[in-house]
1. When region 30-47 is examined, which residues are found to be within 19 Å of the chain's Cα centre (by Cα) and not in a loop (DSSP other than H, G, I, E, B)?
2. Looking for whichever is surrounded by fewer than 21 Cβ atoms within 10 Å (Cβ to Cβ) and assigned to a loop (DSSP other than H, G, I, E, B) here; the options are 74, 115, 120. Which one fits?
3. Of all residues in region 77-105, which are β-branched (Val, Ile, Thr), farther than 23 Å from residue 193 by Cα and surrounded by 19 or more Cβ atoms within 10 Å (Cβ to Cβ)?
4. Mind checking whether some residue in region 164-183 is assigned to a helix (DSSP H, G or I), at pLDDT below 95, touching a Gly at 6+ places or on another chain (Cβ under 7 Å) and more than 28 Å from residue 68 (Cα to Cα)?
5. Does residue 196 satisfy being of a type outside the set (S, T, N, Q) and part of a loop (DSSP other than H, G, I, E, B)?
6. Could you identify the single residue in 81, 181 that is under 24 Å from residue 44 (Cα atoms), in contact (Cβ under 8 Å) with a residue 60 or more places away in the chain and among the polar types (S, T, N, Q)?
7. Report every pair of residues separated by at least 6 positions or lying on different chains whose Cβ atoms are under 6 Å apart, first residue within region 41-68 and within 19 Å of residue 28 (Cα to Cα), second among the β-branched types (Val, Ile, Thr) and in a loop (DSSP other than H, G, I, E, B).
8. Output the residues belonging to region 97-112 that are assigned to a loop (DSSP other than H, G, I, E, B) and modelled with pLDDT of 95 or more.
Amino acid sequence: MAQGLPGVTERTDPPAAAAARPVVRVRGLTRRFGERAVLDGADLDIDRGEFVALLGRSGSGKSTLLRALAGLDRDTGGELSVDGTVAVAFQEPRLVPWKRVRANVTLGLRGPDPRAAADRALAEVGLTERGDAWPLTLSGGEAQRASLARALVREPDLLLLDEPFSALDALTRITMHRLVSDLWERHRPGILLVTHDVDEALLLADRVLVLDGGAIAHESRVGLDRPRRRDHPDLTALRAALLAQLGVTPEEGTA
């Protein structure tokens, strides 16, 4: 487990029959903070190449589960295995301010030509011209693109996204949704997206989960091709079901 890179973590479990098992397998996962059980018997599988979104009320344990999958929180009980390399992009891009963008992308990267790998990743996220820029000169959307480039350059088997779009304005968020969807189509890592946004989950994910009471309380599969229209009747029905699971009334859901 390599730690210390801002926004990036990597872990590799012992080799196994990789194609025969999911990239994530969680059974009966528990995590307590004092007397409070934030995770209490959570079960989760994520297949290779599957895009999963995780919803839940504030404090429901979404980020706790993500941190456990990333290997950043080891104080858990139950069974947890991740088969392959993991990369994480957080809500804050966590770029090192005294390193230029390209150097942030290559931070800790192993390989024969890290610079060439970083340049390819920056091109994929539309930052070819910003490789020599300082992080403080980037817009919010550009900083998140750099964070994604830093994650993707490691060619992860599992990409964990912890509310990476929540601080962006509406137009930039739409652009980032399209970018992440395109990157997923090209690279096909397993993805777990933690979000509070039901519409975001339905537009991006194959499967949407609701975490409640420390466990997965609801699952919806989104059987629609991309790109998806927000007003598609199937999405409208799924949205209503997910909002109900989250305790949101129809009136609140349209506010």
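The values are calculated or read from the model by the stated rules, or taken from the named source; none is laboratory data. Keep in mind that this is a model prediction, so the values were computed, not measured. Cβ placement follows ideal geometry from the backbone for every residue including glycine, while neighbour counts extend to all protein chains displayed.
1. Within region 30-47, 39, 42, 43, 44, 45, 46 meet the criteria.
2. Just one listed residue meets the conditions, 74.
3. Correct list: 101 only.
4. yes
5. For residue 196, the condition - of a type outside the set (S, T, N, Q) and part of a loop (DSSP other than H, G, I, E, B) - is met.
6. 81
7. Listed pairs, sorted by first residue: 46/23; 68/76.
8. 97, 98, 99, 100
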